[in-house]
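For reference, the structure is listed below as structure tokens.
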Amino acid sequence: MSRFHRKVKMISAAGLLTVPVLLAGCSALSSQTSDSVDAPPPILESAMIQAAEGNGEMVQTEQMTVYLKDQNGLLAPVSMSLPALPDLTFVESSLAALVSGGAYSGYMPDGFTGVLPQGTEVMDVTVTPEEKLAVVEFNSKFTEYMPEEERQIMEAVTWTLTGNPDIQNVQLWVDGKKLNEMPVNGTPMAQSLTRGIGINLDLGNHLSTNSSPVTVYFSDESPAGEQYYVPVTRLVEPSPNRVESALSELIKGPDSEGLEMVLTTATLLESVVTGEDGTVSVALKDEMFAEGDPIPTELLQSVVLTVADNSGNADTKVQITFNDQQTVIGIDEQNYGEPVTKPEYINEIGI
């Protein structure tokens, strides 16, 4: 049984419906922690003291991926090793990391902050693996945010929780009452939230009644000079090959300030083929790279991340050919000409 299965509460519940991208209320691999070292928040200091009594050992840490706001105001997955909080499960602790000025605030890497209002407490999280559902209850401080922050809060909570294999749907409660819409700007939530709401939504000129969402991964750099990946959801014309549509958007490059292109506008997407075993083979061509040149890792990883997020299976294997070469070596010395999967932890911070 996995650590996640051991730590969450499990019950039975009725099935829920997924929801499409929500447009109401729209708003806008390793780095170092802050140079200043703050004293640990009281709750963590107490945990450290209790853990150290009798054996001199430090409090246990857990690796988790949470969605934080970066210096450009966009959400990005950040994978960190954080001290376990007393009386909180693993999934509850991941939400606690989203609280601005909360118990984990001293552990945030430079340039990243939580998006939940200061004082927000995670009262309870109940996970129903059979229904892939997480029911989250916050205290009333959760409602004390500005209207323009509403969508980003929804995205950060949903994408953080649905990074767990047992969660695809999220319900939000405040002080014992289920929210059918967000409390400040009234963004509707139907039955539950899913990753179908998108993240860092870029409407561009594609908005129409039959638009389809795709999520692509661009690159950015932290104040410490470390590269990391940022997901952006765009609306495109429906296509029988969603992965191909997503990669075409990746080639177009970012619209948001601060994000960097990972492919050039001269890159050609020659083909996207899914094999019988589910492996997605992507053929790219770009004449700026000579035969045998190492390919930038962020180019190759962005392709892998984009394919995985749009294939319908996060564990999809991705195989890349580049300029008709079957061996594609990245600067990280990995061969992307062989099937690879999305990394378990993205944007590892302070490792």
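The values are calculated or read from the model by the stated rules, or taken from the named source; none is laboratory data. In this text, all values refer to a predicted model and were calculated from it rather than measured experimentally. As a convention, Cβ positions derive from the backbone with ideal geometry for all residues, glycine included, and neighbour counts pool all protein chains shown. Remember, those area values only see protein heavy atoms, side chains included, never the ligands or the DNA or RNA. Shrake-Rupley method; radii C 1.70, N 1.55, O 1.52, S 1.80 Å.
Within segment 287-313, which residues are of a type outside the set (A, V, I, L, M, F, W, C) and more than 18 Å from ASN335 (Cβ to Cβ)?
Within segment 287-313, GLU287, THR306, ASP309, ASN310, SER311, GLY312, ASN313 meet the criteria.
Which of the residues spanning segment 256-286 are modelled with pLDDT of 90 or more and either in a loop (DSSP other than H, G, I, E, B) or in contact with a His (Cβ under 6 Å, 6 or more places away or on another chain) (or both)? Within segment 256-286, LEU259, MET261, VAL262, LEU263, THR267, GLY275, GLU276, ASP277, GLY278, THR279, ASP286 qualify. Could you say whether any residue in segment 129-151 is open to solvent by less than 10 Å² (accessible area, probe 1.4 Å) and hydroxyl-bearing (Ser, Thr, Tyr)? Among the residues of segment 129-151, not one is open to solvent by less than 10 Å² (accessible area, probe 1.4 Å) and hydroxyl-bearing (Ser, Thr, Tyr), which makes the answer no. If you go through segment 116-153 and keep only what is part of a strand (DSSP E or B) and polar (S, T, N, Q), you end up with THR126, THR128.
Scan segment 296-327 for residues that are of a type in the set (Val, Ile, Thr), under 21 Å from GLN227 (Cα atoms) and either open to solvent by 10 Å² or more (accessible area, probe 1.4 Å) or in a loop (DSSP other than H, G, I, E, B) (or both) and the total you get is 1. Could you check, for segment 178-195, whether at least one of its residues is within 21 Å of the chain's Cα centre (by Cα) and either surrounded by fewer than 19 Cβ atoms within 10 Å (Cβ to Cβ) or under 30 Å from LEU300 (Cβ atoms) (or both)? Looking through segment 178-195, at least one residue is within 21 Å of the chain's Cα centre (by Cα) and either surrounded by fewer than 19 Cβ atoms within 10 Å (Cβ to Cβ) or under 30 Å from LEU300 (Cβ atoms) (or both). Restricting the first member to segment 331-351 and to residues that are more than 18 Å from PRO77 (Cβ to Cβ) and modelled with pLDDT of 95 or more, and the second to residues that are open to solvent by 40 Å² or more (accessible area, probe 1.4 Å) and part of a strand (DSSP E or B), the beta-carbon pairs closer than 6 Å and six or more apart or on different chains are ASN335/ILE329; PRO339/GLN319.
Here is a yes/no grid of residues against (1) surrounded by 19 or more Cβ atoms within 10 Å (Cβ to Cβ); (2) part of a loop (DSSP other than H, G, I, E, B); (3) at pLDDT 95 or above:
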| site | (1), (2), (3) |
| --- | --- |
| GLU155 | yes, no, yes |
| THR158 | yes, no, yes |
| VAL170 | yes, no, yes |
| TRP173 | no, no, yes |
| HIS206 | no, yes, no |
| PRO223 | no, yes, no |
| TYR229 | yes, no, yes |
| THR233 | yes, no, yes |
| LEU250 | yes, no, yes |
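If I go through segment 96-120 residue by residue, how many of them are in contact with a Gly (Cβ under 8 Å, 6 or more places away or on another chain), farther than 20 Å from VAL136 by Cβ and hydrophobic (A, V, I, L, M, F, W, C)? Selection size over segment 96-120: 1. Please verify whether segment 186-196 includes one or more residues that are among the β-branched types (Val, Ile, Thr) and in a strand (DSSP E or B). No, segment 186-196 contains no residue that is among the β-branched types (Val, Ile, Thr) and in a strand (DSSP E or B). Report yes if ALA283 is over 29 Å from SER79 (Cβ atoms) and open to solvent by less than 40 Å² (accessible area, probe 1.4 Å), otherwise no. Yes, satisfied.
I'm checking my understanding of the structure. Among residues of segment 65-112 that are part of a strand (DSSP E or B) and modelled with pLDDT under 95, which one is surrounded by the fewest Cβ atoms within 10 Å (Cβ to Cβ)?
SER81
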